[in-house]
1. Is one or more of the residues making up the range 442-456 within 15 Å of S212 (Cβ to Cβ) and surrounded by 15 or more Cβ atoms within 10 Å (Cβ to Cβ)?
2. For the range 42-60, how many residues are free of Cβ contacts under 8 Å to residues at least 60 places away in the same chain and either of a type in the set (S, T, Y) or assigned to a helix (DSSP H, G or I) (or both)?
3. Limited to the range 456-488, what total is found for residues that are closer than 21 Å to K280 by Cβ, at pLDDT 70 or above and either among the small types (G, A, S) or over 30 Å from the mean Cα position of the chain (by Cα) (or both)?
4. Return a yes/no flag: does the range 424-432 have any residue that is of a type in the set (A, V, I, L, M, F, W, C), at pLDDT below 80 and out of contact with any His (no Cβ under 8 Å at 6 or more places or on another chain).
5. Regarding the range 78-98, can at least one residue be identified that is surrounded by fewer than 22 Cβ atoms within 10 Å (Cβ to Cβ), modelled with pLDDT of 85 or more and assigned to a helix (DSSP H, G or I)?
6. Among S110, S63, which is the only one that is out of contact with any strand residue (DSSP E or B) (no Cβ under 9 Å at 6 or more places or on another chain), in a helix (DSSP H, G or I), small (G, A, S) and more than 16 Å from S311 (Cβ to Cβ)?
7. In the list I251, I270, I258, which residue meets the criterion of being assigned to a helix (DSSP H, G or I), modelled with pLDDT of 75 or more and surrounded by fewer than 18 Cβ atoms within 10 Å (Cβ to Cβ)?
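The values are calculated or read from the model by the stated rules, or taken from the named source; none is laboratory data. All figures in this text were calculated on a predicted structure; none of them were measured in a lab. Counting neighbours? That spans all protein chains shown, and the Cβs are built from the backbone with ideal geometry, glycine included.
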Amino acid sequence: MENILLGLTHVFQPYNLLICTAGLFIGVLFGALPGFSATMGVAVFVPFSYVMEPEAALLLLSSIYCGGVYGGSIPAILLGIPGTPASAPTSFDGHALTLKGESGRSLVLSTFGSTIGGFLSAIALLLFSPLLAKIAIMVGPPEQVMIAIFGLSVVCMLSFGNMLRGVLVGFLSLLIATIGQDPVLGFPRFTAGIYQLTGGLAVVPVLIGIFSLPEVLKMLEEPAGKLVEASKVSKMTLKISDISGNIINFIRSTLIGIGIGIIPAAGPDIASFLSYNEAKKASKKPEEFGRGSIEGIIAAETANNGVTGGSLIPLLTLGIPGSAPAAIFLGAMIIHGLRPGPMLFTENAAVVYTLLIGFAVINVLMFFVGFLYCKWAGKILLIPKSVLATVIVVLATVGSFSINQNMFDVLVMFLSGVIGYIMVKNDYPVSPVTLALLLGPMLEESLTLVSTMYSGNYMRMFFRPLTSIFFAFTLFSFVFPFIKNMMDEKKREKVQ
């Protein structure tokens, strides 16, 4: 209790509160710009943290991290273009609500869900770090194989009604994910002699292209007029039923986010897709998903922000980062003389508990900072389509180039955009591309390690409890759409 009070005292110093607020404004900006991300924001500002006290430095990086994960939802809702891969599921329903004239409601739902997910993950970080770290250390290659397969099973739910095309897109995308060096032997595969592909196909330019350029091309089909013919964004208010009717959704999505966060190599993008899928399965109105479901927005945004606190649990207790921003965070801690592990909580209690309490405060502040951003961002809808399309293409180009500073990624982005436009026009789902490119490398590397561990006998991995649990979840995800469809048909027959 003494350490918690010490952390509260440090966090509520005016300078530290100012640092948290400034970091949130910076983080949301990085998340909202296509091609930029929370990882990039944290990386850019690590050098600035060198001259700060450790408490202020970690609060700055934490606020940029949280703001960056949330920020991607703003363009996802207003334009249908995710600022980050983690906001892709948000765009399915958020943009649909915008087109119905409910952009304000959608933005507030996203902001509130992000705040709840981040705040509850901060509480978990404060209260359950040692326990959850023990669970995290049990996750090895066998568990990662099943997590990846479980994630890929989401394709069945997201593509239900068009499943054959969804599975086909997912399978082809998995093949594309194998381009580059073999994860174990290191020899290049399927590169066609193009040296830029030796390190694999850069995921972010592909995702920028496949989500942003189809929207641009659709805008240019009817370039006259504004994106939404309205004088302003709809009123930014919430209905009590939006909250009371989604309490279980909030809790479930937060737990998914925290759980994915503590697993190394996973991240907010995987959490948001899994949570969206689970929300759709549990929903009484699954047919509304993709057409403006508030349950979908809440599930995606609560989960991807739940990852933020979860990813710091194995980092602080075991020195194992649960996400890419957490890995950069680890470097910043070491620079400031902080060594993650059990002794960190006793030898550097003031710094650690300032971070833990600060993480909760940051997520509360994020609601107000996000609310301000949403009011300003709403002006985007009043920009003529031709101007907005030009701005999006410029941002997408800059964002793709900035990742590796080469024009090849820009070419990949444009090619992905054209393919994405053709897919959308011919009713092929694009979400399986995201899942396959994100989970493919993780699946391949984990399968290789499992083969080595068990001398090619993959069945032995099912003797591990967590592997069996994830296997059961995976079977359920594959079977559930068919069972639910049969039950719905029987209900319709009874009604008739």
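1. Filtering the range 442-456 for residues within 15 Å of S212 (Cβ to Cβ) gives none.
No.
2. 6
3. Here the count works out to 2.
4. Just the residues of the range 424-432 that are of a type in the set (A, V, I, L, M, F, W, C), to begin with: 424, 430.
Now narrow it down to the ones that are at pLDDT below 80: 430.
Checking the rest, the ones that are also out of contact with any His (no Cβ under 8 Å at 6 or more places or on another chain) come to 430.
Within the range 424-432, one or more residues are of a type in the set (A, V, I, L, M, F, W, C), at pLDDT below 80 and out of contact with any His (no Cβ under 8 Å at 6 or more places or on another chain).
5. Yes: one or more hits.
6. Being out of contact with any strand residue (DSSP E or B) (no Cβ under 9 Å at 6 or more places or on another chain), in a helix (DSSP H, G or I), small (G, A, S) and more than 16 Å from S311 (Cβ to Cβ) holds for just one of S110, S63, which is S110.
7. Selected residue: I251, the only one of I251, I270, I258 that is assigned to a helix (DSSP H, G or I), modelled with pLDDT of 75 or more and surrounded by fewer than 18 Cβ atoms within 10 Å (Cβ to Cβ).
Yes/no per residue for (1) at pLDDT 75 or above; (2) on the phi > 0 side of the Ramachandran plot; (3) crowded, with 20+ Cβ neighbours inside 10 Å:
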position	(1), (2), (3)
L330	no, no, no
M343	no, no, no
T354	yes, no, yes
N363	yes, no, yes
M366	yes, no, yes
V369	yes, no, yes
L372	yes, no, no
A377	no, no, yes
L382	no, no, no
